[in-house]
Amino acid sequence: MDWKIDWDHAVRRQSEALRVIVAELFVLLGLVGGAAVSRIPPTLHRAVLRVLRPAESALRRLIVVAARGLVVELAASRPMPRGKVIAKGAEGSLPAFRLCDPRKDFPELRLDRVKYCKYPPRILFFGPDSRIDDLWPARPPKAAPPADGLVNGQLIARRLEALKLALDDIPRQARRLARWRLRREAMPGPVFKSSLRPGRAPGSRRKPTHEVDEILNECHGLAWEALKPDTS
């Protein structure tokens, strides 16, 4: 059976479903009427994150679909003005949505994974003050958690805001992705060229328990179908 996917309709349909879920998360966090979030209960943090992760993955895949066949040009690079400093996450700046899936970390394969020696060798030599392990700096103590039993909710609120801003302007995010691809193609040896990581999407579940899980499954299939070469 020969059939074609209506890509625009698919993006519009899934993005509308995501908007409903994002609006519910804003209400759940209390981000209504310009309110801000500082510290929230851990249970609330986990509940929001449990929906936010698959929602982010679903939007990344919608952006891949929207960037299908998109042709862009890279602007000529210009040197940064002398003395100008770009502060990451500066107050008042709009959060940027992350276009690439977080890659899986395999610390056992990293050669630089040992940052300090937790238990330095107990080597002794003759003479006073002969313990060499005193030469190693002591491991910094962990800061005690606040006594209120709450966790910082600013980061998750900023991620949610970035998700909403990107969802409201998917064509702009598609152009961002197309420019990112061009830059990756121009690199001599990029670690990866696809914004999507192999295998299952981050936050996906084999047994859906929330509407966002179904949305992610559909968006995941659409994205990999859009990445197939056009043989028509």
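The values are calculated or read from the model by the stated rules, or taken from the named source; none is laboratory data. In this text, all values refer to a predicted model and were calculated from it rather than measured experimentally. Heads up, the Cβs are rebuilt from the backbone with ideal geometry, glycines too, and the neighbour counts pull from every protein chain shown.
Taken together, the residues in region 18-34 that are among the charged types (D, E, K, R) and out of contact with any Asp or Glu (no Cβ under 9 Å at 6 or more places or on another chain) amount to 1.
A quick yes/no check of all residues on (1) in contact with an Asp or Glu (Cβ under 7 Å, 6 or more places away or on another chain); (2) part of a helix (DSSP H, G or I):
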| position | (1), (2) |
| --- | --- |
| 8 | no, yes |
| 16 | no, yes |
| 37 | no, no |
| 45 | no, yes |
| 48 | no, yes |
| 54 | yes, yes |
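Filtered by the rule that a residue be modelled with pLDDT under 90 and surrounded by 12 or more Cβ atoms within 10 Å (Cβ to Cβ), region 1-30 gives 5, 30. Could you check, for region 111-128, whether at least one of its residues is under 30 Å from residue 71 (Cα atoms), loosely packed, with under 14 Cβ neighbours inside 10 Å and either over 16 Å from the mean Cα position of the chain (by Cα) or modelled with pLDDT of 80 or more (or both)? No, region 111-128 contains no residue that is under 30 Å from residue 71 (Cα atoms), loosely packed, with under 14 Cβ neighbours inside 10 Å and either over 16 Å from the mean Cα position of the chain (by Cα) or modelled with pLDDT of 80 or more (or both).
In region 182-200, the qualifying residues are those that are without any contact (Cβ under 8 Å) to a residue 60 or more places away in the chain and charged (D, E, K, R), and the one that is nearest to residue 59 (Cα to Cα) is 200.
In region 184-220, the qualifying residues are those that are of a type in the set (A, V, I, L, M, F, W, C) and within 16 Å of the chain's Cα centre (by Cα), and the one that is modelled with the lowest pLDDT is 192.
A Cβ distance below 8 Å, combined with a sequence gap of six or more or placement on separate chains, defines the contacts here; from region 151-171, residues that are under 9 Å from residue 95 (Cα atoms) reach residues that are basic (Lys, Arg) in the pairs 162/98.
Mind checking which residues of region 163-204 are among the aliphatic types (A, V, I, L, M) and over 11 Å from residue 99 (Cα atoms)? Listed by number, the residues that qualify are 165, 167, 170, 182, 186, 187, 191, 201.
Annotation: of all residues in region 31-62 being under 24 Å from residue 217 (Cα atoms) and among the β-branched types (Val, Ile, Thr), the one that is surrounded by the most Cβ atoms within 10 Å (Cβ to Cβ) is 48.
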